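As structure tokens, the structure follows; a few thoughts come after it.
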Amino acid sequence: MKKNKNDRILIGVLLIIFGGYLLITSVLEKKGEVAYVKVDNELMFSVDLKDGTFKPRPNEVVKTLQEMPVVEEDKLLVDGVIQTFLAFNQGIVRYENLYYIMGNLGIVVIEYKDNQIRVKEEISPYNICSRQGFSDKQPIICLPNYVTIEFNAAETDVNI
Amino acid sequence: MSVKKLTLLAIFTAVASIINILESYVQIIPGIPFKIGFSNIITLIIIYKYGTKEAIITVMIRIIVTALYSPGTFNYATFSLSLSGAIFSLIALSILVKLNFFGITANSTLSSLFHVIGQLVAASFLFTDVVAYYAPLMLFISIPAGVLTGILANRFIESTKDLFIDKKF
């Protein structure tokens, strides 16, 4: 009986502590303004959520296409021709607001639309990140592909 | 080790692995890769009925089996997350069982909390910034999940007391 009482007190205290922590962080949470796409914990490119401005990291090779490519597992086809341009954490193929990069398991397709961003297609066991859909504050994690999308408010918000 | 104990431990390990594999296909909250951890019920039963050594062995076998069964190639990232979570929660659970201050429900809750802490530690090596966003939510959900697994494990232990007695034939 004494143990039962101890248990209830402990669970109550834990619920209050972590519930309060969750409440405070969710109140302070802000909508992101820039989406940062990272591969292997390294920034690859960023997309401004307001107007979709694309900014790759320095020295990154970017190929802009005029027509929509076809994704076949780890190959990218344009007009039926295989593009051997992408490698893991190397190279970005861009078509309008679609970005094709190479993850650990295959090509990851990232789409920007209406101030939000999502992983449209990827190859992974449970497809957790592409099922998550569009997001503008909750980070998107493709764990098997080592691809993450994080959101940050613009730097100017810090000044009061 | 008696034949009965060996057989029971093998069955428990197999059941825990199957629960773990099935659970990875179910997403409770869309977008958040969070599992309740029903296979932890088996860990609790083993640690209360047999001991820490047996629990460590079965959990390690379960993790390796689950990692090998997941579709696609062997995934280093997900394996390291589940391994560090298991190590943290097993250390916490074995200390709590030794102390014998709390009941099974509170021990299960604390061990599930430590499981999340272990996962967050491993995740902070893989992805530095994402952890800060997920930490509050994951820590909070782990409490009701731990309570649930603790209650279920308690019910199993209470209702199958004679299962673990070694009979002489």
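Coordinate-derived values only; no laboratory data. What you see is a predicted model, and the numbers here were worked out from it, not measured in a lab. Cβ: placed from backbone, ideal geometry, glycine included. Neighbour counts: every protein chain shown.
From the helices alone, meaning DSSP H stretches of at least four residues, give me the mean residue ellipticity at 222 nm for the protein assembly as shown, per-run term -39500 (n - 2.57), in deg cm²/dmol to the nearest 500.
-16500 deg cm²/dmol
To one decimal place, what orientation-averaged projected area in nm² is obtained for the convex hull of the Cα set of the range B:1-62? Don't skip to the answer; put the middle values down first.
Numbers: hull surface 17.0 nm².
The number I arrive at for the range B:1-62 is 4.3 nm².
If one computes P(r) from the Cα atoms of chain B, what percent of pairs lie at distances over 18 Å?
Percent of Cα pairs beyond 18 Å in chain B: 61.
Which of the lysines could be linked to residue A:2 by a straight reach, that is with a Cα gap under 30 Å, when you skip same-chain ones fewer than 8 residues away?
B:49, B:53, B:98, B:161
Which peptide among B:93-103, A:119-129, B:41-51 comes first, and what is the full order, when sorted by highest mean count of other Cβ atoms within 10 Å? Walk me through the numbers before you get to the answer.
On the way: B:93-103: 15.9, A:119-129: 19.9, B:41-51: 22.0.
Top of the packing list down: B:41-51, A:119-129, B:93-103.
Averaged over every viewing direction, what's the projected area of the C-alpha convex hull for the range A:1-48? Give it in nm², one decimal, please.
5.5 nm²
Would you grab the residues whose amide H sits under 5 Å from the one on residue A:65? Only those 5+ places off in sequence or on another chain, please, with H modelled 1.01 Å from N.
Here the answer is A:94, A:95, A:96, since their amide H atoms fall under 5 Å of that of residue A:65.
May I ask for the distance between the Cα centers of the range A:101-139 and the range A:17-53, given as a whole number of Å?
That distance is 15 Å.
With the Cα gyration tensor of the protein assembly as shown in hand, convert its eigenvalues to equivalent ellipsoid semi-axes via √(5λ) and list them largest first in whole Å.
44, 24, 13
Which of A:12, A:32, A:91 moves the most in a Gaussian network model of chain A with Cα springs under 10 Å?
Of A:12, A:32, A:91, the Gaussian network model singles out A:12 as fluctuating most.
For q = 0.10, 0.11, 0.20 Å⁻¹, what log10 I(q)/I(0) does the range A:31-155 give under the Debye formula with an equal point scatterer on each alpha carbon and no solvent?
Values returned for q = 0.10, 0.11, 0.20 Å⁻¹ are -0.27, -0.32, -1.14.
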